[in-house]
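**Student:** Please find one structure pasted underneath; my questions will follow.
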Amino acid sequence: MGGHGEGPALATGVLTEVPALRDGAARLGPEQRERALSGLDGEFDILVVGGGVTGAGTALDAATRGLRTLLVEAQDWAAGTSSRSSKLVHGGLRYLQMLDFHLVREGLAERSLLAGRIAPHLVHPLPILYPLHSPLLERAYAGAGLALYDLMAGGFTASARAGPGRLPRHRHLARAGAARVAPGLRPLAGALLYYDAQVDDARLVVELVRTAAGYGAVTANRLSLQKIDFPNGTPVATLRDTETGSVHQARAQVAVLATGPWTEETEALAGVDRGTRVRPSKGVHIVVARDRIECSTGLIMRTDKSVLFVLPWGDNWVIGTTDTDWPYDKDRPLATATDVDYLLAQLNGHLREPLSRDDVVAVYAGLRPLVAGTGVVRERRTTRLSREHSVERPGPGLVVVSGGKYTTYRVMARDAVDAAVTAGGLEAPPSRTATTPLLGARTGAPPEAGEHLAGRYGCVAQDLLEMISDDPTMGTPVGGGYVAAEIRYAVTHEGARHLEDVMARRCRMAMEMPDGGLACARQVAGIMAPALGWDGNAIEAEVASYAREVRLVSQAASDAGDDAQAQAIAHHG
């Protein structure tokens, strides 16, 4: 499992100060990508493969240690698991029930760092209600668990008021208090109110990548790994630009594979087989309008298999999740009608006014990369598999990081870079990311940015305000409460290359608007077009491609009775 030391010993002459963050280098536009591709023939200390939260965190960790770092991603930043989570930063209450105290303590420590220092503009406290149906036994049991949760987070060392990185302690509500908070629920014996934190998962990944670039990392998305050779024990990666088909080679002292559900596939490209298996588990969420459930907080409710979250997200609720094996195509996991019905049934057991499929605004599915150990143990339920992470060195010049959970990405990244430093005989100080704020968190957001821009961009909201000042059309509203400047900024500063990148990740129209935001898709593509050199035909092609993806998701959620049928829809429509 991942180590938890302070990192490799500090070598003589090693960098002792964090490199300066360069704002200009943190701009991930088309020009930056071209420069990155043209610079691949240099030699790097560390090559990181995988642009999800773990890979992006690994690149940032390496770059802030002064290591020459290259980060590549085959699709878009956060295109896989890291944009399809429950949007929670948390210790994991259910892991207490599994007696995994180390994982809970680690998650709570990282929650504190993210909310207090690393990304307070993106990670916000979230009150969550735990309904009680038994006035005595359940209150005692759940209350003891939450008391331990608070204690492990340091919640008993100060008052109940929150401070930087510290969330309020839990409190008990009687029957009347629970009814005031959640009048939309069936009568309760009371409730417990506790706090975790919420994050826009895809935006956090983009900021990790931008911050890594600001500290000197070379980054490129849409750059697919074809193979890794190891002449003289050091990696030479063959990479293909999926936009143009051009092939590049990159040399490094160590390659770090941080590819989540695709771990075994990328290991094969490096010619290794650790024997450790990553078992993808499908997690499905549905989205319903906020006015369909009368409640002023989030909700967590136990099910016969795990827990059910009902979490506020703007004008909607995000409801999930499932936890089932997914043995099919990892590029396109789809929710089935059975998944949707399961979530609705679990929720409706608690609501005064039940929901139906007609209330579902959107559906999304992602894959958890669970470490299943040596061999594939199919008889063990995925809900019982560990969320611990694994860092291994299966051969000279190669490190593989797998498993883990979103909240603890920084620990995974630290352990991966520690292993890479040792594997490559590199000189580097210990990890600095616990004290390194992300790009938008360095200073406060400008007051004129307003709640929407400040909550999405932090201090770099100033960039968008300047865009609007220079070109007032950039203030034009776009569907879902966004403005045109956010669309253009996604291309010029955040590495968006395609319509789906903006609709599903830089902004979240795909999950926030009916029909996946198709009503504004052409407008969004038109705003993107000048920065990417699209003509009318290219715009239409982007809209058609995005519409097909939306249709497949909708068709599977409506018609597929099981995952095999969903897979058939993914391939044949």
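**Student:** Need the list of aspartates and glutamates near Lys227 for cross-linking: C-alpha distance under 15 angstrom, and skip anything on the same chain fewer than eight residues off.
**Tutor:** Glu73, Asp241, Glu264, Glu265, Glu267, Asp273
**Student:** Over the chain, with every protein chain in place, what whole percent of the accessible area is carbon and sulfur at 1.4 Å, could you tell me?
**Tutor:** Numbers: 11330 of 21770 Å².
C and S fraction of accessible area: 52 percent.
**Student:** Also, quick follow-up: Would you pull out the residues with amide H under 5 Å of Thr324's amide H, same chain only if 5 or more places away, H placed 1.01 Å from N?
**Tutor:** Lys282
**Student:** Also, quick follow-up: Using a Cα-Cα cut-off of under 20 Å, which lysines could be cross-linked to Lys305, ignoring same-chain neighbours fewer than 8 residues away?
**Tutor:** Output for Lys305: Lys282, Lys405.
**Student:** Continuing with the same structure: Can you give me the long-range amide H partners of Val89? Hydrogens built in the peptide plane at 1.01 Å from N, cutoff under 5 Å, separation of 5 or more residues or another chain.
**Tutor:** Ala197, Gln198, Val199
**Student:** Additional query: Which of Thr211, Tyr194, Leu173 sits farthest toward the positive end of the charge dipole of the stretch 156-262, with +1 on the Cβ of Lys and Arg and -1 on the Cβ of Asp and Glu?
**Tutor:** Leu173
**Student:** Just how large is the dipole of the stretch 66-131 about the Cα centre, in debye to the nearest 20, putting +1 at every Lys and Arg Cβ and -1 at every Asp and Glu Cβ?
**Tutor:** Numbers: 7 positive and 5 negative charges, 26 e Å.
Dipole of the stretch 66-131, to the nearest 20 debye: 120 debye.
**Student:** Which is farthest toward the positive dipole end of the stretch 26-99 among Leu28, Ser82, Tyr95, measuring Cα position about the Cα centre, with Cβ charges +1 (Lys, Arg) and -1 (Asp, Glu)?
**Tutor:** Result: Tyr95, furthest along the dipole toward the positive end.
**Student:** Of Gln523, Ala115, Gly154, which is farthest towards the positive pole of the chain's charge dipole, taken about the Cα centre with +1 and -1 on the beta-carbons of Lys, Arg and Asp, Glu respectively?
**Tutor:** Value: Gly154.
**Student:** Same structure again: Which order do Ser431, Ser558 take when ranked by solvent-accessible area (1.4 Å probe, heavy atoms of all protein chains), largest first? Don't skip to the end; give the middle numbers.
**Tutor:** On the way: Ser431 35, Ser558 60 Å².
Ranking Ser431, Ser558 by accessible area, largest first, yields Ser558, Ser431.
**Student:** Using Cα pairs under 8 angstrom and six or more residues apart, how large is the relative contact order of the chain, in percent? Don't skip to the end; give the middle numbers.
**Tutor:** Details: 1235 pairs, mean separation 118.1, N = 573.
Computed value for the chain: 21 percent relative contact order.
**Student:** Still on this model: Kindly provide log₁₀ I(q)/I(0) values, in the same order as q = 0.12 Å⁻¹, from the Debye equation applied to equal alpha-carbon scatterers of the chain.
**Tutor:** Results for the chain at q = 0.12 Å⁻¹ read -1.25.
**Student:** What accessible area, in Å² to the nearest ten, does a 1.4 Å probe give for Arg139?
**Tutor:** Surface open to solvent at Arg139 totals about 50 Å².
**Student:** Please work out the C-alpha center-to-center distance from the stretch 163-191 to the stretch 395-471 and express it in whole Å.
**Tutor:** The stretch 163-191 and the stretch 395-471 have Cα centres separated by 34 Å.
**Student:** Using alpha-carbon positions, what is the distance between the centroids of the stretch 77-142 and the stretch 285-352, in Å?
**Tutor:** A separation of 16 Å, based on Cα centres.
**Student:** Just to verify a number: what accessible area does Tyr342 come out at with the full protein assembly present, 1.4 Å probe, Å² rounded to tens?
**Tutor:** Surface open to solvent at Tyr342 totals about 60 Å².
**Student:** So, one more: Can you tell me the dipole magnitude for the chain around its Cα centre, using point charges on the Cβ only (Lys, Arg +1; Asp, Glu -1), in Debye to the nearest 20? Could you put the intermediate results ahead of the total?
**Tutor:** Details: 59 positive and 65 negative charges, 359 e Å.
For the chain, the charge dipole is close to 1720 debye.
**Student:** Right, next: With the crude spin-label approximation of a point 7 Å out along Cα→Cβ, what separation in nm comes out for Arg357 versus Ala544?
**Tutor:** With each label placed 7 Å out from Cα toward Cβ, I get 2.9 nm.
**Student:** Moving on. Using a simple charge model, +1 on the beta-carbon of Lys and Arg, -1 on the beta-carbon of Asp and Glu, nothing else, what dipole does the stretch 231-334 show about its Cα centre, in debye to the nearest 20? Kindly include the intermediate steps, with their values, before the conclusion.
**Tutor:** Numbers: 12 positive and 14 negative charges, 43 e Å.
It comes to approximately 200 debye.
**Student:** Still on this model: Between Asp291 and Arg522, what is the label-point separation in nm under the 7 Å Cα-to-beta-carbon projection?
**Tutor:** Going by the 7 Å Cα→Cβ label model, 2.8 nm.
**Student:** Rolling a 1.4 angstrom probe over the protein heavy atoms, how many square angstrom per residue are accessible across the chain? Mind showing how you got there, number by number?
**Tutor:** Details: 21770 Å² over 573 residues.
Heavy-atom SASA per residue in the chain reads 38 Å².
**Student:** Quote the FRET efficiency, to the nearest 0.05, computed for Arg94 versus Gln226 with a Förster distance R0 of 30 Å and r equal to the Cβ-Cβ distance. Display every interim value, and only then the final one.
**Tutor:** Numbers: r = 40 Å, r/R0 = 1.32.
E between Arg94 and Gln226, to the nearest 0.05, is 0.15.
**Student:** What number comes out for the charge environment of Lys87, summing +1 per Lys or Arg and -1 per Asp or Glu over other residues with Cβ under 14 Å away? Please report the intermediate quantities before stating the final value.
**Tutor:** Details: positive: Arg84, Arg111, Arg203, Lys405, Arg456, Arg505, Arg508; negative: Asp196, Asp200, Asp201, Glu512.
Computed value for this residue: +3.
**Student:** Calculate, in nm to one decimal, what Asp241 and Ala174 gain on full extension: separation in residues at 0.36 nm each, minus their alpha carbon distance. All intermediate terms of the calculation are to be shown ahead of the outcome.
**Tutor:** Values: separation 67, 0.36 × 67 = 24.12 nm, distance 5.92 nm.
Result: 18.2 nm gained on full extension.
The values are calculated or read from the model by the stated rules, or taken from the named source; none is laboratory data. Quick caveat, the model's predicted, so the values are computed rather than measured. Neighbour counts run over all protein chains shown; Cβ positions are idealised from the backbone, glycine included. Surface accessibility is based on the protein's heavy atoms, side chains included, excluding ligands, DNA and RNA. Shrake-Rupley method; radii C 1.70, N 1.55, O 1.52, S 1.80 Å.
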